[in-house]
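Working notes, structure below.
The values are calculated or read from the model by the stated rules, or taken from the named source; none is laboratory data. Please read all numbers here as calculations on a predicted model, not as lab measurements. Here the Cβ positions follow ideal geometry from the backbone for every residue, glycine too, while neighbour counts run over all protein chains shown.
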Amino acid sequence: MSAVAAPAAGAEPARARRRTGLGITGWVAATIVGLATLIAVIGPLVTPYDPNLSDLVSAWIGPGAGHLLGLDVQGRDVLSRLLAGARSSMLGPLLIVVLCMVVGSVLGLASAWRGGMVDTTVSAGLDILFAFPGVLLAALTAAVFGAGLWAAVLALAVAYTPFVARILRSAMLKERHQPYITALEVQGLGAVTICVRHLLPNVFPFMVAQASILFGYAVLDLAVISYLGIGVQPPNPDWGVMISENQSGILLGYPLPALLSGACIVAVVVAMNLLGERLLERAGTEGRR
Amino acid sequence: MSELLDDAPALEVSGLRKTFGDVVAVEDVSFAVRRGGSLGIVGESGSGKTTVAKMITGQERPTAGTIQACGRDRSMPARGGAERRRRGREVQIVFQDPYSSLDPRQPVDRAIDEVLRLHRPDWSAAQRAVRVTELVGMVGLDERQGSALPRALSGGQRQRVAIARALAAEPDVLILDESVAALDVSIQAQVLNLLIDLRERLAITYVLISHDLAVVRQLTETVVVMHRGAVVERGRTEDVLDAPQHAYTRRLRASVPTPGWDLAEVRRALHPAT
Amino acid sequence: MSEPLLDVVGLGLDLLVAGEPRSVLREVSFSVAAGEAVGLVGESGSGKSMTVRAIDRLLPAGARQRGSIRFAGQDVAALSGAALRTYRAEVAVVFQDPRVHINPVRRVGDFMTEVLRTNRGVKRREAAQRAVAMLAKVGIPDGERRLDQFPHELSGGLLQRVMIASALLTEPRLLLADEPTTALDVTTQAEIMGLLDELRRDLGLSILFITHDLDLAAAFCDRTAVMYAGEIVEVRDARRLHDDPLHPYTAALGAARPLLDRTVRHLTAIPGRPLSALEAPPDACAFAPRCVHAEDACTSGAPALVDLDGGAVRCVRADVLRGTLGGVPHV
């Protein structure tokens, strides 16, 4: 017996149509993401204390006495700093994802639709960009424009674009050669109309899934850049900055502030990745056949 | 249809050639179909029949040779939207796979309406709606199926939608690229009957690309047989099928299974020595 | 008559659809004698591929099977371990699309000799020799060269011959051919069918030939079983079934095909669409809604498969309709 079971070639009756739910993991992930987003929006408005109000005498004091999560290296309220820091920690990645998805889609679409010289040129350009790691680009950008959130966002968006463009190009290329797209071309519909009305909506679920996974990476990379001191600048609250500020606490036997900010990052990254994977599965089954 | 060009054939290709790198896919193919006529292009994989179809619809550009629909050249890519749309009203195509030839996100009526908006910009929404209903009915679908998403339809029903969408542009020529090959036998017969009725009713010209000789016989008046990129035989369909002249056509004809098929004969062809 | 090689009796199958068991095969019974070629004909959803999978023990998870499948007197469902491996060697499968059933990055030789070397401990050298000999048997003379090639270097027809040759390497007694020529060109199909016919005669091989093409089954098989909505509706001598069908569906299927030797004004299409086994009513003839001969009796109970004219048919009106249905006109 030389062969293995294949999907029923004769299109048997039960064309497995999976229900398009997210599953329990997916919903948990979505809830975490939703919560993080909510905090990013309202967090800075509901801080119990001024996140930058320091009191060196109270440094490294544990939870209690009106400070739910204790005080950090400079005696600032950890909860307030986490709430306020959510904004740059979430907004930065959001901007990165939007930027590189927009640029990546345009490049990917141009490559996939036109093929030939356009494809070759774009691919060559992307290959060059591929050579630069995001953190290196961020260091360069910081050197040129000065360190800060915006420089880091720009650097990471540029660093991610080749990945996005390449992955979207392959998805769009597959869609571009579907007979329904060809039928519309034969009808005489313009390329832009076909792309906007038909091609993009059909790869959109895939794009959302990719964006979600990318967001997770962006949170992490941005935190690393801020930790290294070339991203968000202290004393501005940011989860990455908070780890770097409070890392000495780990050695001093007071790891809570660093761990809490780390936990926030990990929670968002993992949740985004899980959500992205569920969405990918869904994009793969939904609407097809 | 322009009055001036009324005597031109619906479709005429001459000296058509297509190469991909060093590979010659199509070599010196010429044929013409009269208005309201029907031509079968018969061949197996690698015969170049699909490449010919792609050149006619503009998906591939010929390396050499000319293609004219209703007397107008379409060998070169269209310049501008107006010419693109005009070409859309000259030649339409129905593909083989009913599952991928419709946008999965677009209901049937919207898909047809989109084509009408393109070719009949002067029509009101109400006029278009009337025409959509007419087209849906013409291909034998009911109102509910007419507003369904493709995934709610069977293969045969989707192929009817593809036909209705192609006819919405009121083309002079309809290319049927293996359009019934993927359908179950009982559904294939329904769609073939539909195509026969539509041709009588609309006086449309068919170009059928197929490997299935019986389907070609049922649907076409004339036929060209392609083998390895070239036309090896041409003529009236019944003449070519009843008395094939070229060795390849004879082989093709003898390969169609029938009861009393001489498998011993086929075996001898396999091992000429024994 | 001795015991048939493959004997399927009352085979029923439930699959989990959206978590619920749904019936996809009902009361499927047929047999294949040693050296016999039996055709299993049906449209999509008829259950013909599921029948093959049940015979080959390749059912999806959660499938529930009723009835029995016996091969050379053994209950197939009870086989396990070494006995199952032996069974799989004796029952070989050839699938529709050879390309999806062969690892594209490994050489043809590795593919062909793998089972011999791993399951039977045949030395590499000898396995290769056997493969070359088998390739010669299926009409590929330059076997040594082919063994070094990759699947993409071979045409579809050649690759299907490779699949047949490698299926035959374990010296099977029964070949399950699941639409082995559907993905191939017409002339290639003729060559493969000629080859299968030759092998069958030379090796005394039994063949269960699954196809949607009634003409092809009539041309190749001794007997044909026609399936509709998960049931066998007619089984008879292939030529007689083709020329003088007993079941209205068999007749309609034959009449729906366009003809090679003449054009008809309209084909005799079957109204509606083929019912899948999942949609079949439990207490009526599944074909009745599309049948021009249907009467009240057809919807008042599920018809049984009854013997008639040396075959069997599942139609309450078969007796009355006998001889009037006409066959596929001769070419």
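When the range B:164-180 is filtered for residues that are away from every other protein chain (no Cβ under 11 Å) and part of a helix (DSSP H, G or I), the ones remaining, listed by number, are B:164, B:167. Based on this model, can you work out whether residue C:222 counts as touching a helix residue (DSSP H, G or I) at 6+ places or on another chain (Cβ under 7 Å) and of a type in the set (Asp, Glu)? For residue C:222, the condition - touching a helix residue (DSSP H, G or I) at 6+ places or on another chain (Cβ under 7 Å) and of a type in the set (Asp, Glu) - is met.
Each row is one residue, and each column tells you yes or no for (1) farther than 30 Å from residue A:90 by Cβ; (2) touching a residue at least 60 places away in the same chain (Cβ under 8 Å); (3) buried (at least 17 other Cβ atoms within 10 Å of the Cβ).
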{"position": "A:114", "(1), (2), (3)": "yes, no, no"}
{"position": "A:129", "(1), (2), (3)": "no, no, no"}
{"position": "A:143", "(1), (2), (3)": "no, no, no"}
{"position": "A:149", "(1), (2), (3)": "no, yes, yes"}
{"position": "A:172", "(1), (2), (3)": "no, yes, yes"}
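Residues that are of a type in the set (Val, Ile, Thr) and either touching a strand residue (DSSP E or B) at 6+ places or on another chain (Cβ under 8 Å) or closer than 19 Å to residue A:192 by Cβ (or both) within the range A:109-124 comprise A:118, A:122, listed in sequence order.
Scanning the range C:302-318 for residues being modelled with pLDDT of 90 or more and either surrounded by fewer than 17 Cβ atoms within 10 Å (Cβ to Cβ) or within 14 Å of chain B (Cβ to nearest Cβ) (or both) gives a total of 4. Selection of the range A:186-204 for residues being crowded, with 18+ Cβ neighbours inside 10 Å and either more than 30 Å from the chain's Cα centre (by Cα) or over 19 Å from residue A:114 (Cβ atoms) (or both) yields A:186, A:187, A:188, A:189. All conditions in (1) touching a Leu at 6+ places or on another chain (Cβ under 6 Å); (2) more than 21 Å from residue C:236 (Cβ to Cβ); (3) not hydrophobic (A, V, I, L, M, F, W, C) hold for residue C:314, with the sole exception of (2). Search the range B:247-270 for residues that are at pLDDT 75 or above and pair each with any residue that is surrounded by fewer than 17 Cβ atoms within 10 Å (Cβ to Cβ) and among the aliphatic types (A, V, I, L, M) when their beta-carbon atoms are under 7 Å apart and the residues are at least 6 apart or on different chains. Note: pairs meeting the criteria are B:258/C:331.
Can you find even one residue in the range C:5-22 that is among the small types (Gly, Ala, Ser) and either within 25 Å of residue C:160 (Cβ to Cβ) or touching a helix residue (DSSP H, G or I) at 6+ places or on another chain (Cβ under 9 Å) (or both)? No.
Residues checked against (1) closer than 26 Å to residue A:238 by Cα; (2) among the aliphatic types (A, V, I, L, M); (3) in a helix (DSSP H, G or I):
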| position | (1), (2), (3) |
| --- | --- |
| A:101 | yes, yes, yes |
| A:122 | no, yes, yes |
| A:162 | no, no, yes |
| A:182 | no, no, yes |
| A:196 | no, yes, yes |
| A:199 | no, yes, yes |
| A:202 | no, no, yes |
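When the residues of the range B:193-205 are filtered to those that are more than 19 Å from residue B:156 (Cα to Cα) and touching a helix residue (DSSP H, G or I) at 6+ places or on another chain (Cβ under 9 Å), which remaining residue is nearest to the other protein chains (Cβ to nearest Cβ)? Here the answer is B:201. Of all the residues in the range A:28-44, those that are exposed (fewer than 14 other Cβ atoms within 10 Å of the Cβ) and either more than 19 Å from residue A:239 (Cα to Cα) or modelled with pLDDT under 90 (or both) number 1. Does the range A:171-178 contain at least one residue that is within 12 Å of another protein chain (Cβ to nearest Cβ) and of a type outside the set (D, E, K, R)? Checked the range A:171-178: at least one residue is within 12 Å of another protein chain (Cβ to nearest Cβ) and of a type outside the set (D, E, K, R).
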